[in-house]
Amino acid sequence: MFHPFLFYLISFTPMDNKDENNLRIVATTLFGLEEILMNELEALGAKEIEKHTRAVSFKGDKALVYKCNLLLRTALRILIPMTKFTVENDKDLYDKIQAIDWTKYLDAEDTLAIDTVLNTEIFNHTQYISQKVKDAIVDQFRERFGKRPSVDLDKPTLRLNVHVFKNDCSLSLDSSGDSLHKRGYRDKTNLAPINEVLAAGLVILSGWDKKQNFIDPMCGSGTILIEAAMIAANIPPGYYKDDYNFMRWTKFLYYDDEMFTAIFNAAVDAINPNPTKILGGEISHHVARKAKENIKRAKVSEFVHVRECDIKDFEAPDGGGVVVVNPPYGNRMVKENIEELYKAVGDTFKQRFQGYDCWMISSNLLALKNVGLRPSRKITVYNGQLECRFMKYEMYTGTKKIHKLQG
Ligand SMILES: C[S@@+](CC[C@H](N)C(=O)[O-])C[C@H]1O[C@@H](n2cnc3c(N)ncnc32)[C@H](O)[C@@H]1O
């Protein structure tokens, strides 16, 4: 069955992706962030950029693969498509995988992991398909060399992405390894934090100019604040990571440590050590403490400050700016409480955030009505499996309102 969350269809001519200086590359992302990702790619010098659902394809070289992994804020994975073929059943899949010369990509001593995404009627189980693909590859090595690569799900030499859409099977090398949203600054937590890629996307979608005030008055573990801080200070999203799958490649697109180090050092040199101050608020003592720990781990505590307070009491600095808030959606709250909370958020925007553009993301469309303000923009994004609206409420200052009336 068609699955909107897993769907990304990439069309490219099979076997045309061998030229390391002119690769077709695919960056996957979250629904709703494709255009931002296109802008990010353009800024990095990508060519022939095309938009897909939950993905963007483009052309570039090895250096661009490294830059994308280190610098893109709204990409989840950077894939290098290898080939695409039609497939009828698992035997057919096995045969077609075996027909590829895998010695161009790995040695018998190397390790392998396979991630499968299915949008098809012909296969049901991703794990079974991953197993089939693995069998086809390792059998080829065993038949030719008497030994075979082993499986390593954590840090393999080669991470393969298998995507079956109807009868089309696309094989890609996954240059990222761990999903790029795992920046590495967040402690494992039992809270329900927003995905880092979505948080960065919301900050960019808000149109914040990196100079005005930025506030998340319901900051939870601080993800939106940290992503905003990284954007303001030009800290690369991959700053805290030291492992990408491409670092283990020894054949096709073999790892060039000198090239990656030069790209990393240039990005670190471009960090702005004195960005604008960023403010957060959080009602729970325990959660506010988690936010402060994450902020410290992200090395942005000098300019990100969290207050332990109710949004109703948040004192926003003068001068206006941008608010981005990710309130509870009400999954665990009774209806009256969530309606009351959203009403309080709307009232607070009106009373305490004059001169601010206040953005709010929620999947609870009914509760959003209780904000009681007319949104000037509504953007559809997904937070995990939840379809959400990202709403913009423009809070004019009193004077502006008077000017408008006089006008
Ligand atoms: C969905 S979570 C935010 C998650 C956050 N974006 C993150 O990445 O961790 C909503 C947060 O709002 C906080 N909260 C709820 N009511 C509040 C209020 N009246 N004032 C301030 N914070 C509140 C909750 O404690 C919770 O941490």
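Apply the Karplus curve 6.51 cos²θ - 1.76 cosθ + 1.60, θ = phi - 60°, to the phi angles in the range 322-338 and return the couplings in whole Hz, x for Gly and Pro.
Ordered by residue, 3J(HN,Hα) equals 10, 10, 10, 10, 10, x, x, 8, x, 4, 10, 10, 6, 3, 4, 5, 5 Hz.
Each residue of the range 135-142 in turn: what ³J(HN,Hα) in whole Hz from Karplus with 6.51, -1.76, 1.60 and θ = phi - 60°, glycine and Pro shown as x?
Result, ordered by residue: 4, 4, 6, 5, 5, 4, 5, 4 Hz.
Sequence-distant or interchain residues sharing an amide H contact under 5 Å with residue 55, placed H: which?
The list, which skips near neighbours in sequence, is 29.
Given 62/378; 210/369; 84/210; 155/378; 96/147, which pairs have Cα atoms separated by over 32 Å?
Going by Cα-Cα distance, 62/378; 84/210; 155/378 fall outside the 32 Å limit.
Find the eigenvalues of the gyration tensor of the Cα atoms of the range 23-174, then list the square roots of 5 times those eigenvalues as equivalent ellipsoid semi-axes, largest first, in whole angstrom.
Whole-Å semi-axes of the equivalent ellipsoid: 29, 18, 13.
On full extension of the chain, what length is gained from residue 312 through residue 251, given 0.36 nm per residue of separation minus the C-alpha to C-alpha distance?
Gain in length upon complete extension: 16.2 nm.
Tell me, what HN-Hα J-couplings in whole Hz come from the Karplus equation 6.51 cos²θ - 1.76 cosθ + 1.60 at θ = phi - 60° for each residue of the range 295-311, using x for Gly and Pro?
Here the 3J(HN,Hα) series is 4, 5, 4, 7, 6, 10, 5, 5, 10, 10, 10, 10, 9, 8, 7, 6, 3 Hz.
In terms of the ratio Rg/(2.2 N^0.38 Å) built on C-alpha atoms, what value belongs to the range 278-375?
Rounded to two decimals, the normalised Rg is 1.12.
Full extension from residue 299 to residue 98: what is 0.36 nm times the residue separation minus their Cα-Cα distance, to one decimal in nm?
Contour length minus the Cα-Cα distance gives 67.6 nm.
Please report the Cα spread of the chain along all three principal axes, rounded to whole Å, starting with the longest.
79, 46, 44
Under a 5 Å amide H to amide H cut-off, with H placed in plane at 1.01 Å, what residues pair with residue 82 once short-range neighbours are removed?
171, 172, 173
Restricting to the chain, compute how many DSSP beta bridges are antiparallel as a %, nearest 5.
Bridges in the chain that DSSP calls antiparallel: roughly 60 percent.
Compare 92, 357, 178 in a GNM of the chain, Cα atoms joined below 10 Å, and give the one with the largest fluctuation.
Taking springs between Cα atoms under 10 Å, the residue moving most is 92.
Which FRET efficiency value, to the nearest 0.05, is calculated for residue 153 and residue 397 with the Förster distance at 56 angstrom and r the Cβ-Cβ distance?
The pair residue 153/residue 397 has a calculated efficiency of 0.55.
Let me know the Kirkwood hydrodynamic radius for the range 117-229, please, with Cα pairs as the basis and the value in Å to one decimal.
Its Kirkwood hydrodynamic radius stands at 17.9 Å.
Gain in length, residue 109 to residue 285, computed as 0.36 nm per residue apart minus the alpha-carbon separation, to one decimal in nm?
Here the answer is 58.3 nm.
Throughout, read-outs are computed from the coordinates displayed, never taken from laboratory work. Since the structure is predicted, the reported quantities are computational estimates derived from the model, not experimental observations. Reconstructed Cβ throughout: ideal geometry from the backbone, glycine too, with neighbour counts over all protein chains shown.
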